[in-house]
1. Confirm whether Val445 is farther than 27 Å from Ser248 by Cα and touching a Ser or Thr at 6+ places or on another chain (Cβ under 6 Å).
2. Considering only residues of the stretch 125-181 that are of a type in the set (S, T, N, Q) and touching a Ser or Thr at 6+ places or on another chain (Cβ under 8 Å), which is nearest to Ile28 (Cα to Cα)?
3. From the list Glu174, Glu213, which residue is acidic (Asp, Glu), surrounded by fewer than 18 Cβ atoms within 10 Å (Cβ to Cβ) and either more than 16 Å from ligand 2 (Cβ to nearest atom) or not in a strand (DSSP E or B) (or both)?
4. If you check every pair at least six apart or on different chains, which have Cβ atoms under 6 Å apart with a residue in the stretch 498-516 that is in contact (Cβ under 8 Å) with a residue 12 or more places away in the chain first and a residue that is surrounded by fewer than 20 Cβ atoms within 10 Å (Cβ to Cβ) second?
5. Just give me the residues in the stretch 183-225 being within 17 Å of Asn67 (Cβ to Cβ) and among the small types (Gly, Ala, Ser), in sequence order.
6. Check every one of the helices (runs of 4 or more DSSP H) wholly within the stretch 1-112 and list those with 3 or more residues that are modelled with pLDDT of 85 or more.
7. Going residue by residue through the stretch 235-258, is there one that turns out to be touching a Phe, Trp or Tyr at 6+ places or on another chain (Cβ under 9 Å), within 30 Å of Asp285 (Cβ to Cβ) and of a type in the set (Phe, Trp, Tyr)?
8. Tally up the residues in the stretch 431-474 that are crowded, with 17+ Cβ neighbours inside 10 Å and either without any contact (Cβ under 8 Å) to a residue 12 or more places away in the chain or assigned to a loop (DSSP other than H, G, I, E, B) (or both), please.
Amino acid sequence: MSSTRAVRRPVQLLSEDTVRRIAAGEVIVRPAGVVKELIENSLDASATEIRVEVKEGGRNLIKVTDNGTGMTRNDARLAVTRHATSKLTGIEDLNTLETFGFRGEALAAIAAVSRFTLETNTDESVPGTKLEVEGGEVKEVAEAAHPVGTCIIARTLFYNLPARRSFLKSDSYELKLITETVRQYAVYRHDVGFEMVADGRVVMRLAPTAEPEVRLADLFEKQVTQGLVKFSARNPLLTLSGWVSEPSQARKFYEIQGIYFNGRPVRSRPVTRAVYDAYGPVLGDANPNFILFLSTDPARLDVNIHPTKQEVRFADERFLFDFISEAVRKALGFSRSVHSASDEFLFQHSLVTDADGQMQNFWQIHNSYILAQVATGYVIMDQHAAHERVMFEELTRQRRQVSSQGLLFPVVLNLTAEQFEVYERTSEQLPAMGIQTKVFSGRSVVVETVPAGSYMGKQELEEFFCELASTCAGKVVTELELAKLVACKGSIKAGQRLTQPEMESLFNRLFACTAPGFCPHGRPTIIKVSLEELCRKFGRE
Ligand code: ADP
Ligand code: MG
């Protein structure tokens, strides 16, 4: 029993100012949230250039300038009041929504918790407008010279909500969140120029481009973009395009996992789970990068389940899961059957030793497959597929030492015009693949070295340049594509006799791979037969 008696208080309506601040708290939690809302407004206003400037992690200054349509004086005044929007007239409009905004809350929320300035103009020939708001109260509306577009400044965020202001983390942490926010929009809207300045320093400057890959190259390190596989898929309800990490290129920490639904960056558990599901056990404890652009009829997507719209709900989430997971699996070259057949044994490789402590023998069958006993049964390895995986990973490993072996007799190749054109474009990338070349004369090329441990002779090199020309004609050759091709042409073929040490080395190198279960084209490298299966087949149960 408490000694103090509860005091009954009368029910009262909250003051307008209090309501405003409480509501603002739902939409704006931290500086990055302000930046998100302002960028979305700029994009909704068809801006093609957006500049974001922040100071002290956005705590003391957030300024977003755009060259969008701008606002008239009347619109500007209305825009800072709650539930004022130009994007929705009734609830049914949500079914056809093509803008980020629709709740008409963001500007009012930001203006309620900061010292807020808005400058805007719709037409070069008329004077623009300047609006000053403090804690939600409009202090000044005036004429001001301003180019077509809008500039919004929010100073001393949460100055009137001290609890929330003190809840902010370090400037560097808040800045990191802001940078990630800008990057999120920049990934999808490569057609828009973005500039970001933090404490007077330019941290991002991105020119508009028609090519999504150019934007990705501007935003991410080479190691990230080179490990990505591009893909697309569609069905009557959904269209998907994007990039996912090649399994062996996935690292412990991902750099980006971006999901966009109708252009809106969102979090979606079914989508994320579907991607991981597609990789299956080859990932181990790595986390892949992925960027997925999904589009669907807005009527199938509920965007109104979260105040900051960071979550959406698709009409049929199971369908969404299956669609994504199948599309990613295809992009990685995995077929469903391959997957389930290999799951159980992938990471339990343990070779048995004989009584003398010697490694058990390997048996080569039809000079194509290698048979070996493992702890729980036996395995059959496809020597070509296995070696392809080994070479591919050795060629794409980070900070690799490129090792090459000299050819006793350098090979001279007479390339066709198409082959020579692709050769010239890729000749700088070839040494990183262990292939050293020189132009001999005209279109004759001398190959002096091939990747160490590979089986590349004149015939394989001819095939290599022939396929390079046909698969890469007229487009940029990525390091992954190049590595796949070198691995394919340089690896042991079916029909090639192998010695015991060669077979042993192949096993060991395969199991040192990140994704040992599949060749780079997604075919299985190894099949396991368990003792139980043998028992069953022989009726020993
Ligand atoms: P919403 O985006 O949900 O409509 P906001 O509070 O973010 O709500 O913005 C209110 C209105 O102000 C918008 O509907 C739009 O008409 C106008 N507006 C806001 N920012 C800009 C901008 N950068 N350029 C032009 N108009 C803007
Ligand atoms: Mg908005």
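1. yes
2. In this case the residue turns out to be Thr156.
3. Answer to the selection: Glu213.
4. Within 6 Å, the pairs are Leu498/Gln364; Phe511/His349.
5. Ala186, Gly193, Ala207
6. So the answer is 31-44, 73-79, 106-112.
7. Looking for residues that are touching a Phe, Trp or Tyr at 6+ places or on another chain (Cβ under 9 Å), within 30 Å of Asp285 (Cβ to Cβ) and of a type in the set (Phe, Trp, Tyr), one finds at least one in the stretch 235-258, hence yes.
8. 5
The values are calculated or read from the model by the stated rules, or taken from the named source; none is laboratory data. This is a predicted model, so every value here is computed, not measured. Using ideal geometry, Cβ is built from the backbone for each residue, glycine included, and neighbour counts are taken over all protein chains shown.
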